[in-house]
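A.B. asks: For reference, the structure I am asking about is given below.
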Amino acid sequence: MRSVTLASVRAHAGRLVASCLAIVLAVAFVVATLVLNETTRSTVLTAAGAQYVGADAVVGTDDGSSLLDAVPTVSAVDGVAAVAPEWQTSVQAVLPGRTGAEFLLVGTAADDAALRWQRLADGALPDRAGEVAVSDRVTAEVGDVLQVVGVAPDGTGSTAEVTVTGVVDLGGDPEAGLYGRAWATPEQAQAWGAADPTELRIAGAPGTDPELLAAAVRDALPDEGITVRTGTEQAEVRAASMLGNATALAAVLLVFGTVAVVVAGLVIANTFAVLLAQRTRELALLRCVGATARQVRRSVLGEAALTGLAASLLGVGAGIGLAAVVSRLAEGVDSPVPLSGLSVPWPAVAAGLAVGVLTTLLAALAPARGATRVAPLAALRPTDPAPLHSRPGVLRLVLGLLLLLPGAALLVLGVLLPHVLVALPGGVLSFLGVVLLAQRAVPPVVRAAGGLVTRAGGVPARLAAGNATRNPGRTAATATALLIGVTLTTAMVVGTASTRASASAGLAAAYPADVVVEGLSGQLPGTLLPQLEGVDGVAGGTALRSAEVTGPDGQAWTASGVDAATAVPVLRSTVDTPLPDSGEVVVPEWQAEAWAVTDGDVVSLDGPAGSAPLRVQVAEESPLLLTGADLARLDPAAPVGQLWLRLADAEAGAQDAVVDAVTDTVGTAVGDAQVTGVVSLRRQMNEVLDVLLLVVTGLLGVAVVIALIGVGNTLALSVVERRQENGLLRAMGLTRRQLRGLLAWESVLVAGVAAVLGVVLGGVYGMAGTASVLGMAGEVVLAVPWLQVAAIVVVATVAGLLASVLPARCAVRTPPVAALAG
Amino acid sequence: MSAPVPVLTVPGEPPSSAAAVRAAGLTKTHGSGETAVHALAGVDVAFARGAFTAIMGPSGSGKSTLMHCLAGLDSATAGSVWLGDTELTSLRDDALTRLRRERIGFVFQSFNLLPVLDARENIVLPLQLAGRRPDPAWFDAVVARLGLRERLRHRPAELSGGQQQRVAVARALLPRPDVVFADEPTGNLDSRTGAEVLDLLRSSVRETGQTVVMVTHDPIAAAYADRVVLLADGRLAGEIDAPTADSVVSALRGLGA
Ligand SMILES: Nc1ncnc2c1ncn2[C@@H]1O[C@H](COP(=O)(O)OP(=O)(O)O)[C@@H](O)[C@H]1O
Ligand SMILES: [Mg+2]
């Protein structure tokens, strides 16, 4: 029988190409997803943890206390070659050609070369005071001179001219776009008021084991409040904090992996089933000439294993190649999704091979069993007209319900809790249930849809509707493959839209004002607001007065006065920043704790002009806020301390320009004001989501393409089976056009039904998924992008139409006489 | 047949002596060179309007090929075919297809009906493909004549072989085509149901002036026809007017069948 297996693979090479293609694409899909995941992870790790990966050990404190005293101790530890304390401060810098100052976070350029982690895009790191290197977000070039306002430890401000020596590439660091960064020598950082270091980075002597070094450092230091990690560990900790919490990251990876495997398995199963069905007669002939049922089964499975292995190998290669192309492209366009280089984890390769071979084998099992049941006589009959009725198994129904009902319940629970690790298995189980039940659900829907198109498409449509439900099992399998791809694509599209909406709402809640202008000295000229409102692109603004008030703890705090009437139109959200009513004070959570007050308590605040009892409203994060009138009662002379601006809705790039214009206007009017805008953050988030959506839908698009190959395959099979029938129709007067139409209708019916069902399911899964993932972090806003969803239906249906072109071509080429001859 | 037999008449169609379908120098060659098979080697034949003609001959003599060429199902290698005044050999596929559904009826030996359609739908299929509606009175008359009234909602799989052939005959007669071609219409039936079908074909000729051309290798079936055309090795090999089973058998024997 081995010779039969090999001969069979050879003889059907052409036909196997279709199924190989499906396996190659599916395996490539799995591998590319896994490789891209790993690449993203390692990119974030090296970017977000860049300052740590180069270090052998990192010492940190839990409470922010100084580590300066530990430096000599650590330096004395055996194997320690260099120690770099991290001095951090912030300055205001005026860039060349600009008038407004910009906030820069200043870090340390280590003295020791081994601990200089900054990746330079241009120039070099500073070697002396009066020099800085800046991040590429700061629009300065090597040689530029910045006016830097720093505040020395003793509180005296100073303005100095410093020269830019280098530009640092922070590519991939999720926080790179938040604010400008600069690096100076330890001395310069201290001159600008850097607090004592709370972090030491350590380089070991060449050949030192980081684990041992970290342990040695650990032993040399007091236990209390000090953490020692290896550089890699510390990088992972920071990357995890960057990427939200670590479980959420793991969950997301899990979702992608599962999705990839499920799609791959089902698509391969379907293609293989169709291919074996095409060969029923041939297998029966083998039985006729004396092959036992077992031999036939072994031959079929052997063929499957061979096909699966060859295609999987190709798939692994294609997957790595695809990931490399995607990552190269992403690097080229400076993608906000952190991707650089290529990390190929061996489990991805193993998973790809295993998925390919195992699913092909599993997929071949059922048809192989069917093949062994073929009566030898089947070979002698003329091509069987396709059976009009085949009964889907009861087992399938029961199993489908057993998966669907508990799965759906878990999914609902996962949404309600909300917890993604509950929703995820629920989603997978219920979807598997749906896939099994589709066998029963799809044919009636196709029949109903057939009733609809019959009215529109005349006789060919009516025949197509009949044909489409002739072999319900096959129609259901074909439709299911497409349904899976469409469901997942829709789920991604809806999920991304909902994530975007939720994140926008979250961003608006965290940063309710588009732009905040703050006077560093505590006051701004009263004329600044009207001036800024005059800037093109500024929609409106409100001024907050600020005054020193004494709290119940007897200490002085800065309170701001805001008028709801002018503030509400400016703010994008008041969820996290509630505005006070008259007689109320909004107190941030940490301060409420310090004052030991809760919602509804009354506190008395004292100002220069008197005191007022105020009802407390606790907010998660907020300045100390009173109404303007209440603040005036405490201090009638309170100056304007802060301006909140809202920008006209526009494209993010245009809004960036408005922020620059505001910064310059402020800089001209006031020397020491700080302008912060959330616009670039919002743009960055949108870019990340756009690219993520593009990559994922691109990958899922592959699944849809595989499914459409399946549609074409099934149709081709039908054309073969219905050769006589089509001949008869042609004899009866069906024109070639009408025959093409018949097949097109059949294909459109199946594809259209799959697309519509898939979109409905995908919408549900997308929303449930978003609700369970994001619900863990906060408020969820669900959004359905109707236009994109409609586009999915149209594309899938039209693609179904295209899938009928080749089989139809073959069908119309057969002259009616040849077809009638059987 | 105990049901009352309605009398079928076609109004306004005077009997004509002109041929309903005829062929001149019809040649059909399969393959080329050494392996060429001459299925038809120059056939000149005409079939009278309103007559029932049988084409007979040994197996492989070209009967089916002749019928396919006459019916516009197959293209001739040389020669020409006229359906009334229309030259078929010059028509393109679309025109030929339209001509088939409007002016020609078919009854095949087997696999006559579409399994997804019920009997009624199968009967009206050619008319529907042409975008026409059946004349209800004529439809009722045909269905009653063929005894199919109770079976109209049945799918082919639920019909006996004889019933299936009757549905096929009804389908062929409904559009009132210029010619009905039947290729071994009784080949798969037992002799009693076969006789029924032949009776129906003959009565459609007698009562409504339908032209019928039937291919058969069965002398008893041929005896139902008004005339028998004999074929051997792709050539005309004689004809018999008012045939009987005996005269057909002896003619065939003369051909060495
Ligand atoms: N497609 C074809 N290719 C080659 N030879 C054919 C083909 N169709 C028919 N023939 C040959 O043409 C001859 C006539 O066939 P046919 O018309 O079917 O005969 P009949 O119906 O009288 O038995 C036979 O010898 C047959 O083998
Ligand atoms: Mg024949």
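A.B. asks: If we keep just the residues of the stretch B:206-223 that are buried (at least 20 other Cβ atoms within 10 Å of the Cβ) and under 18 Å from B:ARG145 (Cα atoms), which is farthest from ligand 2 (Cβ to nearest atom)?
C.D. replies: B:GLN210
A.B. asks: A further question on this structure: Taking A:ALA808, is it aliphatic (A, V, I, L, M), more than 35 Å from the chain's Cα centre (by Cα) and either away from chain B (no Cβ under 14 Å) or within 16 Å of ligand 1 (Cβ to nearest atom) (or both)?
C.D. replies: Here the answer is yes, as A:ALA808 does meet what is asked.
A.B. asks: Quick check on the stretch B:39-90: of everything there that is more than 16 Å from ligand 1 (Cβ to nearest atom) and in contact with a Cys (Cβ under 9 Å, 6 or more places away or on another chain), which residue is farthest from B:ARG103 (Cα to Cα)?
C.D. replies: So, considering only residues that are more than 16 Å from ligand 1 (Cβ to nearest atom) and in contact with a Cys (Cβ under 9 Å, 6 or more places away or on another chain), the one farthest from B:ARG103 (Cα to Cα) is B:THR89.
A.B. asks: List the residue pairs whose Cβ atoms are under 8 Å apart, where the first residue sits in the stretch A:798-818 and is more than 23 Å from A:ALA751 (Cβ to Cβ) and in contact (Cβ under 8 Å) with a residue 24 or more places away in the chain, the second is open to solvent by 70 Å² or more (accessible area, probe 1.4 Å) and within 16 Å of ligand 1 (Cβ to nearest atom), and the two are 6 or more positions apart or on different chains.
C.D. replies: Listed by first residue and then by second, the contacts come to A:THR814/A:ARG723.
A.B. asks: Return the only residue of A:ALA751, A:ALA777, A:ALA768, A:ALA731 being under 21 Å from A:SER498 (Cα atoms) and at pLDDT 85 or above.
C.D. replies: Residue meeting the stated conditions: A:ALA768.
A.B. asks: Would you mind stating whether B:VAL43 is at pLDDT below 90 and either surrounded by 15 or more Cβ atoms within 10 Å (Cβ to Cβ) or hydrophobic (A, V, I, L, M, F, W, C) (or both)?
C.D. replies: Against the criterion (at pLDDT below 90 and either surrounded by 15 or more Cβ atoms within 10 Å (Cβ to Cβ) or hydrophobic (A, V, I, L, M, F, W, C) (or both)), B:VAL43 does not qualify.
A.B. asks: When residues of the stretch B:104-132 are filtered for being open to solvent by 40 Å² or more (accessible area, probe 1.4 Å) and more than 10 Å from chain A (Cβ to nearest Cβ), how many remain?
C.D. replies: Going through the stretch B:104-132 one residue at a time, the tally reaches 2.
A.B. asks: Enumerate the pairs (first residue in the stretch A:591-618 and assigned to a loop (DSSP other than H, G, I, E, B); second residue anywhere and polar (S, T, N, Q)) with beta-carbon separation below 8 Å, excluding pairs fewer than 6 apart on the same chain, so at least 6 apart or on different chains.
C.D. replies: Partner pairs satisfying both residue conditions: A:ASP599/A:GLN617.
A.B. asks: Given B:LEU96, B:LEU91, B:LEU66, which one is within 16 Å of ligand 2 (Cβ to nearest atom) and either open to solvent by 10 Å² or more (accessible area, probe 1.4 Å) or modelled with pLDDT of 90 or more (or both)?
C.D. replies: Of B:LEU96, B:LEU91, B:LEU66, the one residue that is within 16 Å of ligand 2 (Cβ to nearest atom) and either open to solvent by 10 Å² or more (accessible area, probe 1.4 Å) or modelled with pLDDT of 90 or more (or both) is B:LEU66.
A.B. asks: Which residues, taken from the stretch A:219-235, are open to solvent by 60 Å² or more (accessible area, probe 1.4 Å), within 20 Å of A:ALA114 (Cα to Cα) and not in a strand (DSSP E or B)?
C.D. replies: A:THR232, A:GLU233
A.B. asks: Exactly one of these conditions fails for A:VAL31: (1) assigned by TED's automatic domain parsing to the domain that holds A:ALA140; (2) under 28 Å from A:LEU322 (Cα atoms). Give me its number.
C.D. replies: Failing condition for A:VAL31: (1).
A.B. asks: Another question, then. Residues B:GLY238, B:GLY147, B:GLY187: which one is open to solvent by 10 Å² or more (accessible area, probe 1.4 Å), in a loop (DSSP other than H, G, I, E, B) and closer than 21 Å to B:GLY57 by Cβ?
C.D. replies: B:GLY187
Results for (1) within 14 Å of chain A (Cβ to nearest Cβ); (2) within 16 Å of ligand 1 (Cβ to nearest atom); (3) small (Gly, Ala, Ser), shown as yes or no for each residue.
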residue: B:LEU174; (1), (2), (3): yes, no, no
residue: B:VAL180; (1), (2), (3): yes, no, no
residue: B:ASP190; (1), (2), (3): no, no, no
residue: B:LEU201; (1), (2), (3): no, no, no
residue: B:ARG206; (1), (2), (3): no, no, no
residue: B:THR211; (1), (2), (3): no, no, no
residue: B:PRO219; (1), (2), (3): no, yes, no
residue: B:ALA223; (1), (2), (3): no, no, yes
residue: B:LEU230; (1), (2), (3): no, yes, no
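A.B. asks: Here's another thing I want to ask about it. Consider only pairs whose beta carbons are under 8 Å apart and that are at least six residues apart or on different chains; among these, list those whose first residue lies in the stretch A:460-474 and is within 10 Å of another protein chain (Cβ to nearest Cβ) and whose second residue is assigned to a loop (DSSP other than H, G, I, E, B) and among the basic types (Lys, Arg).
C.D. replies: A:ASN467/A:ARG722
A.B. asks: Do we find that B:GLY57 is farther than 25 Å from B:SER203 by Cβ and more than 16 Å from ligand 2 (Cβ to nearest atom) in this structure?
C.D. replies: Here the answer is no, as B:GLY57 does not meet what is asked.
Yes/no per residue for (1) farther than 15 Å from A:ALA22 by Cβ; (2) part of a helix (DSSP H, G or I); (3) at pLDDT below 85:
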| residue | (1), (2), (3) |
| --- | --- |
| A:ALA284 | yes, yes, yes |
| A:GLN295 | yes, yes, yes |
| A:LEU301 | yes, yes, yes |
| A:ALA304 | no, yes, yes |
| A:GLY308 | no, yes, no |
| A:ALA318 | no, yes, no |
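A.B. asks: Can you report the number of residues in the stretch B:133-164 which are within 14 Å of another protein chain (Cβ to nearest Cβ) and within 25 Å of B:ALA71 (Cα to Cα)?
C.D. replies: 4
A.B. asks: Consider the stretch A:181-198. How many of its residues are touching a residue at least 60 places away in the same chain (Cβ under 8 Å) and either assigned to a loop (DSSP other than H, G, I, E, B) or surrounded by fewer than 21 Cβ atoms within 10 Å (Cβ to Cβ) (or both)?
C.D. replies: 11
A.B. asks: Here is a follow-up. What are the pairs, 6+ residues apart or on separate chains, where a residue within the stretch B:27-41 that is closer than 10 Å to B:THR65 by Cα has its Cβ under 7 Å from a residue that is hydroxyl-bearing (Ser, Thr, Tyr) and within 16 Å of ligand 2 (Cβ to nearest atom)?
C.D. replies: Cβ pairs passing all conditions: B:LYS28/B:THR65; B:ALA39/B:THR65; B:LEU40/B:THR65.
A.B. asks: Step by step: first the residues of the stretch A:723-753, then only those that are surrounded by 24 or more Cβ atoms within 10 Å (Cβ to Cβ) and in a loop (DSSP other than H, G, I, E, B), then the one that is farthest from the other protein chains (Cβ to nearest Cβ). Which residue is that?
C.D. replies: Among residues in the stretch A:723-753 that are surrounded by 24 or more Cβ atoms within 10 Å (Cβ to Cβ) and in a loop (DSSP other than H, G, I, E, B), the one farthest from the other protein chains (Cβ to nearest Cβ) is A:LEU734.
The values are calculated or read from the model by the stated rules, or taken from the named source; none is laboratory data. Treat the numbers as computed from the prediction; the structure is a model and nothing was measured. Cβ sites come from the backbone with ideal geometry, for glycine too, and all protein chains shown count toward neighbours. With ligands, DNA and RNA removed, areas are computed over all heavy atoms of the protein, side chains included. Shrake-Rupley method; radii C 1.70, N 1.55, O 1.52, S 1.80 Å.
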